Amino acid sequence: MEANSEDMHATSQNTGHKKLYLRTFGCQMNEYDSQRMAQVLHGEYNLTPRPDDADLILINTCSIREKAENKVYSLVGRLKKFKEQRPDLIIGIGGCVAQQEGRRLLRRMPYVDLVFGPQGLYSLPSMLKEIENGKRGILCTELRDDFPIPLITSPLPEPNPVRTFVTIMQGCDNFCTYCIVPHVRGREVSRPPGDILAEIEAVLNEGVKEVTLLGQNVNSYGKKVDAYPSFSGLLRMVAGVPALRRLRFTTSHPRDLSRDVMECFQDLDTLCEHLHLPVQSGSTRILKRMNRHYTRDQYLKTIEELKSLCPEISLTTDLIVGFPGETDADFKDTLSLLRTVEFDQIFAFKYSPRPLTVAAGWSDDYIPEEIKAERLNRVFELQKEIGFRRYKAMEGRVEEVLVEGLSKKNTEELRGRTRGNHVVNFLGPQRLIGEFVNVKISKACYHSLRGKISSPAG
Ligand code: 5AD
Ligand code: SF4
């Protein structure tokens, strides 16, 4: 699971009658699940960007860190006034906090009508019917170990989508000692390859050019079912779909990254040269305490092998500072790993104890908040220097860019992504959205690039 900024989004579409306000916190898995919520309600509900205008409000929650969870509580608290003004409004809370807290959420916030976990979203239509028939306080947080993700091919909520996720597996069996995910998303279950291909065909028919295969630990795809291909087999199968121009995947566990998968970067033209490989710490001692099952040296060896097979690969990672028991020496190992690997971008977090996890019981070893904050700062300072150097080296190069939309800061400009997953802003007409163009990189910024269109790409 690639980390993101616990951001939220609201999107809009134009079919159906009633109005749905949908807000998403957390990782790509949640973004995917929100998309599915809109899809299962397609035909009955239109998305609206305004909560005060909605008949149904759904909040898809994240509990990966305490900060993320608190954001959810503060938003849901603010919704109370909407319900007081309009008692017919239906409020539902889904996602990981819902799974974790279940009935406690209903008790704490009696104005919430519906609490459902990641697997419960598929029962939304029937639960909403029950609410319309007068039922309140519905709880749907059963977590099945063999839950099959349904194949849904109704239209995507975003009009003219350029890129999208397709889940290939759900859940996680790794139980890293800091992580709540296995407790709220259950055990690893792979989807049948036929469903994955059917979903990819459906999104390509809607104009999608880039697909990211999604799972908490994609490398263990298919391991539990003899008839399924391995992950590298799946990559080769998907890469052969004719209309697919770009393929990515996330997230990989370093322990399970096989030589076969690494070779896919060399062999498959559609597979983009970017890998998100969360390291979490540069210290073997801390990695062991995290239950990560690899050492610092093994991680570095994997990176070396990858770079020798695919020299242009762009690497990103996740890491945690201030894990219980992390000494200065352990932290220095993390800094030196950053210097050795030279990631293009990192997602770094202060350790946050989570309920149900093993590390949450190690309170004696907790690192004081100010040390965590200082370590996080030092990590970001160092990465700023490394990332900028890497981006600077791209100046003058011509990159194939898939145009995703308008630039976030300056809507006169377009924004797109290189195959290496670098964001590029440049001037160009809006009709290029969804197209490939060649862009000459003119200037490196800290987390993005600027450039000039040099020609349409083939
Ligand atoms: N505290 C801080 N960061 C965490 N992550 C997961 N659990 C925690 C936690 N308890 C980070 C990891 C993971 C990313 C999605 O979130 O770095 O890769
Ligand atoms: Fe969490 Fe570890 Fe599973 Fe990733 S691999 S979801 S960090 S338990």
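Kirkwood Rh, the chain, all Cα pairs: how many Å? Roughly 23.1 Å, rounded to one decimal.
Any idea what log10 I(q)/I(0) is at q = 0.19 Å⁻¹ for the stretch 68-157, Debye with uniform C-alpha scatterers and no solvent? Taking Cα atoms of the stretch 68-157 as identical point scatterers yields -0.94.
Centroid-to-centroid, using Cα positions, the stretch 171-216 and the stretch 407-449 are 28 Å apart. For the stretch 398-456, the dipole from Cβ point charges (+1 on Lys and Arg, -1 on Asp and Glu) about the Cα centre works out to 180 debye, to the nearest 20.
Relative to the compact globular guide of 2.2 N^0.38 Å, what is the alpha carbon radius of gyration of the stretch 18-140, as a ratio?
0.94
In terms of surrounding Cβ atoms within a 10 Å radius of their Cβ, Phe116, Phe331 rank from fewest to most as Phe331, Phe116.
For the stretch 169-234, the list of GluC sites (Glu not before Pro) that fall in a loop by DSSP and count at most 16 other C-beta atoms within 10 angstrom reads Glu206.
Counting only DSSP beta bridges whose two residues both lie in the chain, roughly 35 percent are antiparallel. Placing +1 on the Cβ of every Lys and Arg and -1 on the Cβ of every Asp and Glu, with no other charges, gives the chain a dipole of roughly 820 debye about its Cα centre.
Reported to the nearest whole Å, the Cα centre-to-centre distance from the stretch 153-170 to the stretch 241-315 is 24.
P(r) of the stretch 398-456 in 5 Å steps, Cα pairs, percent per bin? With a bin width of 5 Å, the distribution comes to 5, 23, 39, 26, 7, 1.
Using helices alone, I'd like the mean residue ellipticity at 222 nm for the chain: each DSSP H run of four-plus residues gives -39500 (n - 2.57), total over residue count, nearest 500.
-10000 deg cm²/dmol
By the count of neighbouring beta-carbon atoms within 10 Å, fewest first, Ile200, Ile313 end up ordered Ile313, Ile200. Here is the list for the stretch 288-372: GluC sites (Glu not before Pro) lying in DSSP coil, each with at most 12 other C-beta atoms within 10 angstrom of its C-beta, are Glu312.
A short reminder: the numbers here are calculations on the coordinates, not readings from a lab. Predicted model, so just to flag it, every value in this text is computed and none were measured. Counting neighbours? That spans all protein chains shown, and the Cβs are built from the backbone with ideal geometry, glycine included.
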